[in-house]
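Take a look at the structure set out below.
Just so it is clear, none of the values below were taken in a lab; they were calculated from the coordinates. The structure displayed is predicted, hence computed values, not measured ones. Note: ideal-geometry Cβ built from the backbone for every residue, glycine included; neighbour counts use all protein chains shown.
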Amino acid sequence: MNTGSNTQHYHPAIKTFHWLVAVLVFAVWPLGFLLGMVKSGFHNDFFFWHASLGFTILWLMLARLCVRFLSDTPAKPSSMPGWLESAAHLNQWLLYLALITQPVIGFLLASAGSGQFVWFGVIPIPSPLGKAPTIAPTLAELHEFFAWVILVLVGLHICGALYHRVICRDDTLARMT
Ligand code: HEM
């Protein structure tokens with residue numbers, strides 16, 4: 001990964017992946033939350049969109065990670081205190097980790113329950129665990145745990161972006177637009 005370069009903006013592919021994933025997380029999270037509440041007639045539709053869009057996040061995050069390692073990363077504003085820069089850095093990498101781990105757990109969970117997950121109803125994705133009803137409850141708990149972790153991390157990430165934009169009035173947010 002190249003850091004501290006003279007570049008002022010993230011690579012256009014990273015920007016695209018960033019905003020696509022942001023939109024998808026804002027759709028997938030509530031769809032997942034509502035899964036347990038919707039009437040049975042709608043359950044399959046909610047599950048279809050939750051699982052298929054959620055699995056798309058996995059591939060976007062992996063692609064984004066590749067471009068991130070191969071492209072220059074714009075330098076942080078010099079006015080930023082060291083501890084804040086470390087916290088933002090940690091939050092960013094935990095988000096990468098959580099947004100890659102969560103779709104994998106969701107996919108294993110879906111397959112453990114029904115035997116096979118079919119991405120957008122078109123591409124069957126074979127699971128290494130297959131149908132595994134005994135592990136499904138543990139996967140469901142892990143999936144719920146990571147859902148809350150993602151919510152907290154995204155919340156902190158948005159607070160950080162607003163802090164830079166509104167209080168520091170620096171160009172941190174502009175690097176991603
Ligand atoms: C970043 C991507 C994802 C996020 C943020 C996410 C989030 C959530 C949330 C918030 C819930 C409700 C948890 C609860 O309160 O019990 C949920 C449930 C669920 N998700 Fe996901 N999910 C993602 C990806 C996936 C994928 C890719 C699949 C399947 C291929 C999947 C399958 C499921 C299933 C089966 C449930 C119901 C779990 C249960 O039985 O309680 N999720 N998800």
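For the chain, what class follows from the C-alpha gyration tensor (a ≥ b ≥ c being the square roots of its eigenvalues): rounded when a/c is under 1.5, otherwise prolate if a/b is larger than b/c, else oblate? Prolate, since a/c reaches 1.5 and a/b exceeds b/c.
Distance from the alpha carbon centroid of the range 17-73 to that of the range 89-136 works out to 11 angstrom.
What shape does the range 38-108 have by the C-alpha gyration tensor, where a ≥ b ≥ c are the square roots of the eigenvalues, rounded means a/c under 1.5, and otherwise prolate means a/b greater than b/c and oblate the rest?
Working: a/c = 3.52, a/b = 2.32, b/c = 1.52.
In terms of gyration-tensor shape, prolate.
Angle, helix 136-162 long axis vs. longest principal axis of the chain, Cα atoms, 0 to 90°, nearest 10? On a 0 to 90 degree scale, this one is about 20.
In the chain, once you exclude exposed trypsin sites (Lys or Arg not before Pro) (DSSP loop, at most 11 other Cβ within 10 angstrom), what's the longest stretch remaining?
Details: sites that count: LYS39, ARG169.
Value returned for the longest uninterrupted segment is 40-168.
Scanning residues 5 or more positions from THR73 or on other chains, those with amide H under 5 Å from its amide H are ASN2, THR3, GLY4, SER5, with H placed 1.01 Å from N in the peptide plane. Evaluating 6.51 cos²θ - 1.76 cosθ + 1.60 at θ = phi - 60° for every residue in the range 105-111, the Karplus couplings come out as 4, x, 5, 5, 5, 4, 5 Hz, glycine and proline recorded as x. Phi angles across the range 37-51 convert, under the Karplus curve 6.51 cos²θ - 1.76 cosθ + 1.60 with θ = phi - 60°, into 3J(HN,Hα) values of 10, 6, 5, 4, x, 9, 4, 4, 5, 4, 5, 3, 6, 4, 5 Hz, Gly and Pro given as x.
Mind running the shape call on the range 1-79? Use the C-alpha gyration tensor, a ≥ b ≥ c as the square roots of the eigenvalues: rounded below 1.5 for a/c, prolate if a/b tops b/c, oblate otherwise. Write down the numbers at each step before the final one.
Numbers: a/c = 4.69, a/b = 2.92, b/c = 1.61.
Verdict is prolate for the range 1-79.
Give me the net charge of HIS11's neighbourhood, meaning all other residues with Cβ under 13 Å from the Cβ of HIS11; Lys, Arg count +1, Asp, Glu -1. Every neighbour counted, the sum reads +3. Database remark: amide H of HIS11 closer than 5 angstrom to no amide H (H placed geometrically; neighbours at sequence offset of 5 or more, or on other chains; Pro and chain starts carry no H).
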